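The values are calculated or read from the model by the stated rules, or taken from the named source; none is laboratory data. These figures come from a predicted structure and were not determined experimentally. Neighbour counts are summed over all protein chains in view; Cβ atoms, including those assigned to glycine, are modelled from backbone coordinates with ideal geometry.
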């Protein structure tokens, strides 16, 4: 069988436990994550100075975390043995749901990152002359970058269907929940009543639910 690519929602063809075909939804998620990465790199130096600067080791750890996430999500492109085993059936409905979640989620993350602008920080850290952003998706949820990122993870996980994808999605989501709690405490300290009032009229992560 010759190596080929197909723009379908059908189950990928496997040869020697290696995926030699990539579906259209998989291509679409790869394109979206590429735009996500380009946006983060483009905006990486367009931030205000941290009150407590991040160390080099923290930056390297954050970068390696993203590398591990994407390797785990797309592991079936290299092997379907072990953690790369396909455990979510590639039905058209599941693939479509995954595509909608991934594209919409990553779009929201990029939009939110651009709105946050100079106030963004990779870690839980206050900025000098820190501003509270309440425009765009921040009118509804307080952490739309994480909302979009988690949606992107779940959508990609549904499309790729691997055990590694499920594991990394659960672990990373739990990590973001912990980070959100720390950020909320920091923002209350920074903005006081302004932030507590903002908390009362918005949702933490999931629009209209939580």
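None of 134, 87, 108 is under 30 Å from residue 203 (Cβ atoms), touching a helix residue (DSSP H, G or I) at 6+ places or on another chain (Cβ under 6 Å) and at pLDDT 90 or above except 108. For a quick check of your reading of the model, give me the residue pairs whose first member lies in the stretch 51-62 and is part of a loop (DSSP other than H, G, I, E, B), whose second is modelled with pLDDT of 75 or more and surrounded by 12 or more Cβ atoms within 10 Å (Cβ to Cβ), with beta-carbon atoms closer than 9 Å and at least 6 apart or on different chains. Cβ pairs passing all conditions: 51/130; 54/62; 54/121. Tallying residues that are in contact with a strand residue (DSSP E or B) (Cβ under 8 Å, 6 or more places away or on another chain), part of a helix (DSSP H, G or I) and farther than 22 Å from residue 72 by Cβ within the stretch 105-148 yields 2. Take the stretch 152-209 and flag every residue that is exposed (fewer than 14 other Cβ atoms within 10 Å of the Cβ), in contact (Cβ under 8 Å) with a residue 40 or more places away in the chain and in contact with a strand residue (DSSP E or B) (Cβ under 8 Å, 6 or more places away or on another chain). 206, 207, listed by residue number.
Give the residue, chosen from 164, 151, that is modelled with pLDDT of 95 or more, under 21 Å from residue 35 (Cβ atoms) and in a helix (DSSP H, G or I). After ruling out the rest, the residue left standing is 151. So residue 80 passes all but one of these: (1) in a helix (DSSP H, G or I); (2) crowded, with 18+ Cβ neighbours inside 10 Å. Which condition number does it fail? Of the numbered conditions (1) in a helix (DSSP H, G or I); (2) crowded, with 18+ Cβ neighbours inside 10 Å, the odd one out for residue 80 is (1).
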